[in-house]
Structure formats: C-alpha cells, structure tokens
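Asker: Right, I'll just put the structure down here and ask away after.
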Amino acid sequence: MTDDLLRYRAEFPILERSTYLISNSLGAMPRGVYDAMKGYADIWATRGVRAWEERWWMLAAEVGDEIGALMNAAKGSVSTHQNVTTCQAVVASCFDFSGKRNKVVYSDMNFPSVMYFWEAQQANGARVHMVKTDDGITVPTQRMIDAIDEETLLVPMSHVIFRSAYIQDAKAIIEKAHKVGAMVVLDTFQSLGTVPVDVQALDTDFACGGVLKWLCGGPGVGYLYVRPDLGRKLEPRLTGWTAHQSPFSFEIGPTRYTDPPYRFMNGTPHIPALEAARPGLKIIQEVGVERIREKSERQTAKLMALAEKNGWRVNTPRDAEKRGGTVSIDMPDSQEVCRELLKRDVLVDWRPKAGVRMSPHFYNTDEEIDKAVATVNEILHERVPSAR
Ligand SMILES: Cc1ncc(COP(=O)(O)O)c(C=O)c1O
C-alpha cells in the first residue's frame with residue numbers, strides 16, 4: 001500500500017534519527033522553522049523597531065486566522081495567547097461569578113492545569129461541579145448533561161481526553177448547555193490537527209488549544225476562538241493595551257474595547273513563538289485533517305491490535321469513532337518501560353492512570369509502529385528473562 005503522506009517525512013529532521021511517536025506531547029519540528037527563526041532574527045536585526053508596524057503587530061491575527069481555518073472558524077474570531085490556561089483565564093474574566101448562575105461543570109478527565117485554574121476561581125465565587133469517570137478512559141456523557149443546569153455558567157471540557165484519547169460527545173454537551181443558557185469552552189488541544197473540529201457545526205461558544213502537539217507549531221502559542229456574536233459583546237477583564245480601540249493614544253482611564261481578535265488579547269504578543277508556529281500550520285493545512293484522521297484511525301487500530309496481542313492493557317477506546325490520535329498502553333512496569341524506550345530513541349511518554357502514550361501522526365510509517373512494539377517486547381524480556 002502506498003502512503004502518500006510519507007512524502008512529508010523529509011520536512012521533519014527528527015524522523016531521520018528517532019522513532020517519533022509523541023505528537024500528543026510535542027509534534028516534530030518542521031525544517032521550515034529554521035528559516036522562520038532566521039527571518040525573525042533578520043527583521044529584528046535589520047528593521048529594528050519598524051518590525052512592529054511592518055510585520056509583528058499583524059502577526060497574532062494572521063496566525064489566529066491560520067489556526068482558525070483548520071477548525072472552520074470565521075476570520076478574526078481566533079486570538080492567540082501563550083497557552084490554554086491563559087485562554088481559560090481570559091474567558092473567566094468575561095464573567096461574574098457572584099450571582100446564582102455561577103456553576104462550572106467539568107469532568108475529572110480534563111487536563112489538570114485547567115482544573116487547577118477553575119478550582120482557584122472558587123475564591124471569586126465559582127462553584128465547581130466535577131463529573132467523575134467510571135473507567136478512567138471515558139467521560140459519562142449523560143452525567144455531564146445531567147450536571148449542566150440553569151445555574152451553570154460555563155462548561156470547560158476537553159474535546160479529546162489527554163490520558164485516554166476518548167472523544168467526548170461535544171455536540172450533545174453543547175446542545176444541553178445552550179438549552180439551559182450555559183456556555184462551553186471546548187479544549188481542542190488533543191483534537192485539532194488529528195481529529196476534525198468544526199466550531200461552527202458544533203456551535204461551541206469558545207474553543208481553545210495550543211499548536212505544539214498535533215499542529216507541529218512549537219511551544220508558546222495557545223489559541224482562543226470566541227463565537228463571533230459573543231466576541232462583539234464580551235468584555236474580558238484580563239485585558240491590556242492590545243485590546244484597546246486606540247492603543248497608541250495611551251489614553252488614561254477605563255479601556256475602550258476593540259474588535260476581536262485583539263479584544264481578547266492583552267499585552268505585547270509572543271512574536272518568536274508565532275513565527276515558529278507558521279511552518280507547521282502550513283503543512284497541516286496542506287495535508288488536510290481528513291487525511292490525517294483517516295491514517296490515524298488505521299495506525300491507532302494497528303497499534304491497539306499489537307498491544308492486545310501481547311496481552312497489554314489498552315486504556316483507549318476500541319471504537320475508532322470515539323478514539324483520538326493516541327493509544328495509551330499499560331504494559332507491566334510501564335513507567336520504567338517508557339524510560340527505556342526513550343533511551344533507545346523510541347520517543348513516547350508516560351502518564352499516571354494511562355500508561356505509555358503512543359501517538360502516530362501523518363509522518364509516521366507502519367514500520368515505526370512495529371518497531372516501537374518490538375522494542376517494548378525487547379525491554380520486557382530483558383527485565384524478566386523468563387517471559388521470553
Ligand atoms: C487537553 C489539554 N489541555 C491543555 C493542555 C496544556 O495546557 P497549557 O497550554 O495551559 O499548558 C494540555 C497539555 O498537554 C492538554 O492535553
């Protein structure tokens with residue numbers, strides 16, 4: 001079988017020297033980042049402060065649009081920030097938690113950083129309702145739906161769960177939220193770039209994520225989509241001069257909000273990270289998330305079958321429709337096995353209650369999957385010779 005996507009391998013230098021199955025954590029760096037960083041240094045070196053008006057001021061919105069195009073977001077509806085936690089803080093700062101509608105509903109399978117943020121908002125009046133998982137893999141949709149009521153203000157939820165790659169039923173949860181007047185903050189960090197995301201079809205109020213995993217964009221760029229009708233109304237209190245209608249008037253007193261996307265930003269933007277993000281975004285756009293997803297479904301199924309054949313526990317949904325791009329495998333001594341895999345240049349990671357996470361992306365070969373599984377076997381057999 002020919003795999004047309006493998007022609008992109010040459011764009012990612014690390015693939016020449018390691019088995020790279022860790023795009024759930026940090027996507028491989030595109031070769032183009034060298035030029036992007038050189039371009040950044042050159043404009044700073046040669047144009048100096050003029051770089052702001054010639055390129056840098058516009059960059060946040062341009063990169064926001066490039067990310068937005070991958071999730072069917074309207075132009076101008078995606079702002080960029082340093083990370084997802086900051087995006088959640090910007091959203092929280094648009095609301096008042098002192099009234100009766102102050103409940104924040106999320107699952108205990110959310111990414112912990114986001115949970116730490118919302119737990120801390122209890123000091124501002126937020127009431128946290130945490131929905132528990134039964135199996136450590138899925139989030140019970142009905143339990144989420146039942147927890148969302150007339151007192152619910154926000155539902156910050158992961159589209160794809162970081163531990164298990166379970167795809168939550170975002171549509172059903174968003175529908176229930178809207179029925180009772182609540183809003184959803186959809187964290188698409190583990191979906192965008194490997195699972196199709198359409199913010200308009202989902203009708204989500206907010207979506208956020210980062211570019212460093214499946215989008216191969218490196219650390220330092222988080223994104224925040226705000227549905228355009230909300231974007232024109234909301235007034236984030238986590239604000240600053242880039243959100244001002246006339247930032248260079250340096251007016252004294254309360255702010256006058258500009259339009260999105262800058263309305264949701266605050267201080268000086270993270271220019272080097274924005275520059276570094278672009279080559280990856282360009283490649284993902286060119287490859288297309290549909291093709292990535294098709295390959296991912298096939299390769300994750302292959303990986304699961306191999307793990308199960310070896311008798312290892314798989315903490316990822318069997319059903320391809322409910323599974324994102326990662327397979328979490330809890331083989332014996334999985335944390336130790338992960339350390340050994342890294343030493344042998346099979347790049348993966350380990351998470352508590354998940355095991356070793358392996359995440360084939362569009363640039364991985366089937367042989368790399370076979371190699372990763374064979375290396376796990378090698379390690380296990382070395383540790384317990386009788387297992388041979
Ligand atoms: C679903 C999800 N949300 C958020 C994050 C990270 O949040 P932040 O960008 O604030 O570091 C991760 C990171 O690994 C994640 O998997």
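Asker: Binning every alpha carbon pair distance of the chain at 10 Å from zero, what are the percents per bin?
Answerer: Each 10 Å bin holds this share of Cα pairs: 5, 23, 30, 24, 13, 4, 1, 0.
Asker: Moving to a separate point now. Only Lys, Arg, Asp and Glu count, each charged at its Cβ (+1, +1, -1, -1), so figure out the dipole size of region 1-157 about its Cα centre, rounded to 20 debye.
Answerer: For this selection, approximately 320 debye.
Asker: Moving on to the next point. Over the chain, with the other protein chains present, what is the accessible area per residue in square angstrom, probe 1.4 angstrom?
Answerer: Using a 1.4 Å probe on heavy atoms only, each residue of the chain averages 43 Å².
Asker: Rounded to the nearest 0.05, what FRET efficiency do ASP203 and GLU251 have when you use their Cβ-Cβ distance and R0 = 35 Å?
Answerer: 0.45
Asker: How far apart, in nanometres, would the label points at VAL49 and ARG7 be if each is projected 7 angstrom from Cα along the Cα-to-Cβ direction?
Answerer: 4.8
Asker: If you roll a 1.4 Å probe over region 1-134 with all protein chains in place, what percent of the accessible area is carbon or sulfur?
Answerer: With neighbouring chains kept in place, the figure for region 1-134 is 55 percent.
Asker: Residues with amide H under 5 Å of THR316's amide H, sequence separation 5 or more or different chain, H placed in the peptide plane at 1.01 Å from N; which?
Answerer: Here the answer is SER328, since their amide H atoms fall under 5 Å of that of THR316.
Asker: Tell me which residues come under 5 Å, amide H to amide H, from TRP350 once H is placed; ignore anything under 5 positions away on its chain.
Answerer: For TRP350, the qualifying residues are ARG357.
Asker: Another one. Lys and Arg at +1, Asp and Glu at -1: add these up for the other residues within a Cβ distance under 15 Å of ARG31 and post the number.
Answerer: +1
Asker: List the pairs from LYS322/LYS353; LYS176/LYS353; LYS38/LYS75; LYS171/LYS371 whose alpha-carbon separation is above 26 Å, in the order I gave them.
Answerer: LYS176/LYS353; LYS38/LYS75; LYS171/LYS371
Asker: If you don't mind, another one. Give me the extension gain from ASP65 to ALA301: residue separation times 0.36 nm, minus the current Cα-Cα distance, reported in nm with one decimal.
Answerer: This chain segment gains 81.7 nm when fully extended.
Asker: Please report the net charge: other residues with Cβ closer than 12 Å to the Cβ of ASP333, K and R +1, D and E -1.
Answerer: Net charge around ASP333: -2.
Asker: Separate question: Roll a 1.4 angstrom probe over the protein heavy atoms and tell me the percent of accessible area of region 192-289 that is carbon or sulfur.
Answerer: The C+S portion of the solvent-accessible surface of region 192-289 is 57 percent.
Asker: In the Gaussian network model of the chain, springs joining C-alpha atoms below 10 Å, which of PHE117, PHE97, PHE248 carries the largest mean-square fluctuation?
Answerer: Checking each option, the largest mean-square fluctuation is seen for PHE248.
Asker: Would you mind telling me the share, in percent, of accessible area of region 292-388 contributed by carbon and sulfur at probe 1.4 angstrom?
Answerer: Of the solvent-accessible surface of region 292-388, carbon and sulfur hold 49 percent.
Asker: Among GLY311, GLY48, GLY27, which one moves the most in a GNM of the chain with springs linking Cα atoms closer than 10 Å?
Answerer: It is GLY48.
Asker: Would you please give the FRET efficiency between THR86 and GLU119, computed as 1/(1 + (r/R0)^6) with r the Cβ-Cβ distance and R0 = 22 Å, to the nearest 0.05?
Answerer: It comes out at approximately 0.85.
Asker: Okay, moving on. Ranked from highest to lowest mean number of other Cβ atoms within 10 Å per residue, what is the order of the peptides 202-215, 249-262?
Answerer: Highest to lowest by the protection proxy: 202-215, 249-262.
Asker: Across region 264-277, in residue order, what do the Karplus-derived ³J(HN,Hα) couplings come to in whole Hz, using 6.51 cos²θ - 1.76 cosθ + 1.60 with θ = phi - 60° and x for Gly and Pro?
Answerer: So the J values, rounded to whole Hz, are 9, 9, 9, x, 3, x, 7, 4, x, 5, 5, 5, 5, 6.
Asker: Follow-up question, since we're still on this one. What does DSSP give for the chain in terms of the percent of beta bridges that are antiparallel, rounded to the nearest 5?
Answerer: Antiparallel bridges make up about 55 percent of those DSSP assigns within the chain.
Asker: Place a point 7 Å from the Cα of LEU230 along the Cα-to-Cβ direction; which residues of region 176-209 have their backbone N under 14 Å from it?
Answerer: 176-188, 199-209
Asker: At 1.4 Å probe size, what's the solvent-accessible area of LYS38? Round to the nearest 10 Å².
Answerer: My reading of the accessible area for LYS38 is about 120 Å².
The values are calculated or read from the model by the stated rules, or taken from the named source; none is laboratory data. Only a predicted model underlies this, so the values are computations on that prediction, with no experimental measurement involved. Quick reminder, even Gly has a Cβ in these numbers, built from the backbone with ideal geometry, and neighbours come from all protein chains shown. Note: accessible area is taken over every heavy atom of the protein model, side chains too, but ligands, DNA and RNA are not part of it. Shrake-Rupley method; radii C 1.70, N 1.55, O 1.52, S 1.80 Å.
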